[in-house]
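Q: Once you've had a glance at the structure underneath, I'll fire off some questions.
The values are calculated or read from the model by the stated rules, or taken from the named source; none is laboratory data. Note that the coordinates shown come from a computational prediction; the quantities given were computed from them, not determined experimentally. Cβ atoms come from the backbone with ideal geometry, glycine included; neighbour counts cover every protein chain shown.
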Amino acid sequence: MKPKVLFLLPPGWNALGRETFHSPHYEALFADRDSLDPASIDYFVGFRPPPGFLKTLSKLKLVISLGAGVDGFLSDPEFPKEIPLVRFTDPQLGIEMAQYVTMHALIIHRHQRYFDQAQKEGVWRQLMLPRATDKTRIGILGLGEIGGRIATALAQYGFALSGWSRTRKEIAGVKSFAGDGELGAFLGQCDILACVLPQTPGTAGMLNAGFFAQMAKGAWVINVARGGLLVEEDLITALDRDHLAGAVLDVFRTEPLPEGNPLWAHPKVTVTPHIAGITDPRAALAHVENSVLAFEAGKALDDIVDVSRGY
Ligand code: GLV
């Protein structure tokens, strides 16, 4: 009998037809379309299942995340920790995140918002821009696979690069800061900070008033990781006091960002709707198929999450 794979699709995937998920190697079922026997499910595939849901799948062998970040699973207090969890990694995702960060870093570095405003006013207004040799300092908070790709992309533009991670990383051209003891020194030397940390109990709320106070005056924050890492009220205070110059936010504590949230209209904030890196359904389904085949064959899986670490 073929193993049964239960999909709980993120809203953006609902338009995809059943045939998209067909595989000769398993039977695909859909949590919101099929009537199910929870005890018959072998594999679960999703992004942010409702808390307590996975616990009801009593025969589950493996959980497959459709996202690189797995906080949507591990924030469930009843997540069955004895079942292996595999996250989705895809070089394409890292490249897209690197494009997003590079684009915004260049917009900041070259003062593009100033020229956008001048055009709106119909005024020919030049500004002395930083020279190519004036190195804007960009710090990457989180130097894992995605952080490394961002550093590689930025390196082409002559920025002065640094990164912070729990353990020290060796990446050519990137000054590495590590651990809590070096966080302050790292923050004090960034003109632009790009956050790509995973959200875990240890990082939730980390970008708070105390954190912003350690950042250089006039610095920018780009958050492409998770909204729960950043305390939105503290960011707004740091912007309103002119300690920070601006923020580019792709992720939010509550998504979609609620109507009326002050970030929508804040003059120093750019809001995008969690699009910096979007999982490609084709790549994700290849990953699901490979993971199921490997698991059924008793092979070791790549990208198994260390549940105690949270990523
Ligand atoms: C997207 O947010 C992901 O975790 O891949």
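Q: Which residue out of Ala286, Ala245, Ala238 is in the same structural domain as Trp13 (by TED's automatic domain parsing) and hydrophobic (A, V, I, L, M, F, W, C)? Don't jump to the end; show me each part of the working.
A: Numbers: Ala245 fails: in the same structural domain as Trp13 (by TED's automatic domain parsing); Ala238 fails: in the same structural domain as Trp13 (by TED's automatic domain parsing).
Matching residue, one of Ala286, Ala245, Ala238: Ala286.
Q: Provide a single number: the residues in the stretch 128-168 that are under 18 Å from Gly218 (Cα atoms) and part of a loop (DSSP other than H, G, I, E, B).
A: Residues flagged as under 18 Å from Gly218 (Cα atoms) and part of a loop (DSSP other than H, G, I, E, B) within the stretch 128-168 amount to 7.
Q: Now for a different question. Would you say Leu66 is within 16 Å of the ligand (Cβ to nearest atom), in contact (Cβ under 8 Å) with a residue 40 or more places away in the chain and surrounded by 12 or more Cβ atoms within 10 Å (Cβ to Cβ)?
A: Numbers: within 16 Å of the ligand (Cβ to nearest atom): yes; in contact (Cβ under 8 Å) with a residue 40 or more places away in the chain: yes; surrounded by 12 or more Cβ atoms within 10 Å (Cβ to Cβ): yes.
Considered against the rule, which asks whether it is within 16 Å of the ligand (Cβ to nearest atom), in contact (Cβ under 8 Å) with a residue 40 or more places away in the chain and surrounded by 12 or more Cβ atoms within 10 Å (Cβ to Cβ), Leu66 comes out as yes.
Q: I'm told Asp71 meets every condition in (1) crowded, with 20+ Cβ neighbours inside 10 Å; (2) farther than 30 Å from Gly227 by Cβ except one. Can you identify the failing condition by its number?
A: It is condition (2) that Asp71 fails.
Q: Return a yes/no flag: does the stretch 122-135 have any residue that is in contact (Cβ under 8 Å) with a residue 12 or more places away in the chain, in the same structural domain as Ala216 (by TED's automatic domain parsing) and surrounded by 15 or more Cβ atoms within 10 Å (Cβ to Cβ).
A: Quick first cut of the stretch 122-135, residues in contact (Cβ under 8 Å) with a residue 12 or more places away in the chain only: 127, 129-130, 132-133, 135.
Of the ones still in play, those that are also in the same structural domain as Ala216 (by TED's automatic domain parsing) are 127, 129-130, 132-133, 135.
When the remaining residues are screened for being surrounded by 15 or more Cβ atoms within 10 Å (Cβ to Cβ), the result is 135.
Yes.
Q: Here's something else I'd like to know. Which one is nearest to the ligand (Cβ to nearest atom) among residues in the stretch 84-114 that are surrounded by 15 or more Cβ atoms within 10 Å (Cβ to Cβ) and more than 30 Å from Pro267 (Cα to Cα)?
A: Step by step, filter the stretch 84-114, then rank; the result is Phe88.
Q: Next question, about the same structure. Counting just the residues of the stretch 36-63 that are of a type in the set (Gly, Ala, Ser) and in contact with a Lys or Arg (Cβ under 6 Å, 6 or more places away or on another chain), which one comes out surrounded by the fewest Cβ atoms within 10 Å (Cβ to Cβ)?
A: Step one: of the stretch 36-63, the residues of a type in the set (Gly, Ala, Ser) are 39-40, 46, 52, 58.
Among the residues that remain, those that are also in contact with a Lys or Arg (Cβ under 6 Å, 6 or more places away or on another chain) are: 39-40.
Details: Ala39: 10, Ser40: 15.
Ranking the candidates gives Ala39 first.
Q: Is there a residue in the stretch 288-297 that is assigned to a loop (DSSP other than H, G, I, E, B), within 16 Å of the ligand (Cβ to nearest atom) and surrounded by fewer than 16 Cβ atoms within 10 Å (Cβ to Cβ)?
A: Initial filter on the stretch 288-297 (assigned to a loop (DSSP other than H, G, I, E, B)): 297.
Retained after the next criterion (residues that are within 16 Å of the ligand (Cβ to nearest atom)): none.
There is no residue in the stretch 288-297 that is assigned to a loop (DSSP other than H, G, I, E, B), within 16 Å of the ligand (Cβ to nearest atom) and surrounded by fewer than 16 Cβ atoms within 10 Å (Cβ to Cβ).
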